[in-house]
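The values are calculated or read from the model by the stated rules, or taken from the named source; none is laboratory data. The shown structure was predicted, so the numbers you read here are calculated from the model rather than taken from an experiment. Cβ placement follows ideal geometry from the backbone for every residue including glycine, while neighbour counts extend to all protein chains displayed. Please note that ligands, DNA and RNA were not included when accessible areas were found on the heavy atoms of the full protein model with its side chains. Shrake-Rupley method; radii C 1.70, N 1.55, O 1.52, S 1.80 Å.
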Amino acid sequence: MSSDPARAAVSWQKATAHLLEAEAQDADASPMAVIHSSYYAMFHAARAVRFKATGQAPNRHDAAIQRFGLLVRDLDDAVRAAGRAFNRVKDDRTAADYDELVAPTPEDARESVAAAKDFLAISGVRYGFGPPGA
């Protein structure tokens, strides 16, 4: 497997930008926007990890989650837990968008941004990216 550091760097920049957006938004006023930004921070971070580790990353969201999970399945508990959180936040974002019976709460938004912060912190350390926003 080869690496694609240039694409990894761009994906990481996108991830950190979305995380900064999630943190800057008011979870009480805009919980859906916080969830969206949190999810996209995780999505782009997962793509950055894949580009760095394998040189390629899928564009499709379900494939990105699946391939990230396959990459980290044999690693430590923290990385695997981050992968499960990625999947959970994706489900929250999808439900917020498409399930007319779901109205995300500010607490849902705060949980999503916390999961995104953890995901980027763990991914950054494990795969040698700088801290979010750096």
Point to revise | All positions within the stretch 66-79 that are closer than 22 Å to I35 by Cβ and loosely packed, with under 15 Cβ neighbours inside 10 Å | key: Q66
Exercise for review: Would you please name the residue that is farthest from A8 (Cα to Cα), looking only at residues in the stretch 30-54 that are among the small types (G, A, S) and surrounded by 17 or more Cβ atoms within 10 Å (Cβ to Cβ)?
Suggested key: A33
Practice item. Would you mind finding the one in D92, D77 that is modelled with pLDDT under 95, touching a Phe, Trp or Tyr at 6+ places or on another chain (Cβ under 8 Å) and charged (D, E, K, R)? Key: D92
Exercise for review: Return the only residue of A57, A63, A22, A27 being touching a Pro at 6+ places or on another chain (Cβ under 6 Å), more than 14 Å from S123 (Cα to Cα) and open to solvent by less than 30 Å² (accessible area, probe 1.4 Å).
Suggested key: A27
Exercise for review: Would you check if there is a residue in the stretch 97-113 being open to solvent by 30 Å² or more (accessible area, probe 1.4 Å), in contact (Cβ under 8 Å) with a residue 12 or more places away in the chain, touching a Ser or Thr at 6+ places or on another chain (Cβ under 8 Å) and not hydroxyl-bearing (S, T, Y)?
Suggested key: no
